[in-house]
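Everything below concerns the one structure shown next.
The values are calculated or read from the model by the stated rules, or taken from the named source; none is laboratory data. All of these numbers come straight from a predicted model, not from anything done at the bench. Glycine also receives a Cβ, built like all others from the backbone with ideal geometry; neighbour counts cover every protein chain displayed.
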Amino acid sequence: MQHSVVSLKTSSLPMTKPSKIQTPRFDEPLCSNCGLCMGNVWPVKESLESCVFRCGWVENHEQRIFGRVRNPEDSDELRFGISLKRFNATLKKPVNGAQWSGIITRISTMALQTNLVDAVLTLHGEPLKPKAVLAKTAQDIHEARGNKPVLSPVLQALHTAYREKTTRLLIVGAACHVHMVRDFTRKKPYFANLELYIVGIPCTDNLEPSHLQWVFRNISKKPETVINFEFMQDYRVHILHKAGKVEKIPFFCLPSAVMKVGVFPNSCLSCFDYINSLSDITVGYLGAPYSKNRKTQWIIVRTERGKKLLDLINDEIETSPEVFFGDSHSAVQAALQPTLMPILQPEKLDDRKAMPKWLGIYLSYKKAKSGPGGTEFAKYSIDIHAIRNFYFLKMYRPDDIGIVPTHIYDLLSQYDLSSIERIIES
């Protein structure tokens, strides 16, 4: 796979700015396109009764799942949620075409092949055109490799699972999917006898497909060949192209137009479970040290069922302890103004010029060397997104502030937010 640092030359491909970016709307119901209300097995109103944007994040389920709520005095647990163990891992034989090494692909495959579950709820389709599927074979799982960086209706296939009388099910999803299914299967009779396993993916700032295409046209040299992207621990956006080439764009060089309110969905700006803390096992890269081969992943085992899923591939992975370096708190404090300004004061960014490429490269290199890394990077990312999302709600959707879980207020109390409060009050 080739890697290159590219200039921020805007593509000449014409594309009209999507209407919600041109004129952001905040009066529509929050919706992450989870898919639960997109089938016809049960009434839509029953799905909506389990909507996380009505029921709230995390704490309604934490006590039930874990027997307690997270300890706000524990800096790790406050941010990462309740767990049995956490560590880094790499698949000994990486799965070709997987987003990272393929740990989720192997867990899903083995869960089927060992008859732990009857089916796996996941996604097929193109990266920008995901399709919910009920996977029943290893080939079905193989086709689900790779991330879908857009709002995805995973739970639409839950209707299929019910019609086919599935009693043992593995679901792979983001936090919104996990919250919805945890609530729905508890409240409603359709899955009273379901044995449910959940692999959670840390997730933030997925976009609507048209919005993501517009962003690519603003930052990529060849937006027509982009198939995926990630905000990485080296403080650059990695954009993957069909031929395998990766563009690396420093965070600091992103044009202000792609950071403004309206670009990212209101639902993602109202999320307070980046780390997917209600899953049985969380698998991602967020707390792993940066590796150029993109193969090291961060594992959080949360429940006994999560341990059972991990046991399926124990012989296939190499593990290592978590690492951490740098200071996430000071990094978050320094990032507050530049992170929140596009959300709270978008009008002040119209004339702001993007940082020169050479300076952005230097700053990314410096931050990667001296800034927070490993689990400190995870804390940095979790905290800055939680603060940003809290103030998005407070400014644009104050009636929805009740969905914010208690532990987020504990997190907010650790920072000096007086300058942000002044912006809100002005």
| said: Let me confirm something: among 269, 309, which residue is in contact with a strand residue (DSSP E or B) (Cβ under 7 Å, 6 or more places away or on another chain), of a type outside the set (Gly, Ala, Ser) and under 27 Å from residue 61 (Cβ atoms)? | reply: 309
| query | Do we find a residue being of a type outside the set (Ser, Thr, Tyr), assigned to a loop (DSSP other than H, G, I, E, B), under 19 Å from the mean Cα position of the chain (by Cα) and crowded, with 18+ Cβ neighbours inside 10 Å anywhere in region 209-228? | reply | no
| field | Leading residue by the ranking (surrounded by the most Cβ atoms within 10 Å (Cβ to Cβ)) among those in region 318-340 that are within 22 Å of the chain's Cα centre (by Cα) and either aromatic (Phe, Trp, Tyr) or under 11 Å from residue 259 (Cα atoms) (or both) | value | 340
| field | Residues (hydrophobic (A, V, I, L, M, F, W, C) and over 17 Å from residue 172 (Cβ atoms)) located in region 192-213 | value | 192, 207, 212
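Matching residues to (1) under 26 Å from residue 55 (Cβ atoms); (2) touching a strand residue (DSSP E or B) at 6+ places or on another chain (Cβ under 6 Å); (3) in contact (Cβ under 8 Å) with a residue 12 or more places away in the chain:
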{"position": "152", "(1), (2), (3)": "yes, yes, yes"}
{"position": "164", "(1), (2), (3)": "no, no, yes"}
{"position": "187", "(1), (2), (3)": "yes, no, yes"}
{"position": "203", "(1), (2), (3)": "yes, no, yes"}
| Which is under 30 Å from residue 111 (Cα atoms) and of a type in the set (A, V, I, L, M, F, W, C), of 336, 310, 349, 393? | 310
| said: Yes or no: region 104-120 includes at least one residue that is in a loop (DSSP other than H, G, I, E, B) and within 18 Å of the chain's Cα centre (by Cα). | reply: no
| remark: Scanning region 341-352 for residues that are hydrophobic (A, V, I, L, M, F, W, C) and more than 23 Å from the chain's Cα centre (by Cα) gives 349
| Are any residues in region 139-150 surrounded by fewer than 20 Cβ atoms within 10 Å (Cβ to Cβ), assigned to a helix (DSSP H, G or I) and touching a strand residue (DSSP E or B) at 6+ places or on another chain (Cβ under 7 Å), and if so, which ones? | 140
| Residue check, residue 183 touching a residue at least 60 places away in the same chain (Cβ under 8 Å), of a type in the set (Asp, Glu) and under 22 Å from residue 357 (Cβ atoms) | no
| field | Yes/no for residue 422 being modelled with pLDDT of 95 or more and of a type outside the set (Gly, Ala, Ser) | value | no
| Can you name the residue in region 29-83 that is among the aromatic types (Phe, Trp, Tyr) and part of a helix (DSSP H, G or I) and, of all such residues, is surrounded by the most Cβ atoms within 10 Å (Cβ to Cβ)? | 80
| remark: Listed by range, strands (runs of 3 or more DSSP E) wholly within region 234-305 having at least 2 residues that are of a type in the set (S, T, N, Q), out of contact with any helix residue (DSSP H, G or I) (no Cβ under 8 Å at 6 or more places or on another chain) and touching a residue at least 24 places away in the same chain (Cβ under 8 Å) are none
| message | Looking at 399, 315, 311, 350 in this structure, which one is of a type in the set (Asp, Glu) and in contact (Cβ under 8 Å) with a residue 40 or more places away in the chain? | response | 350
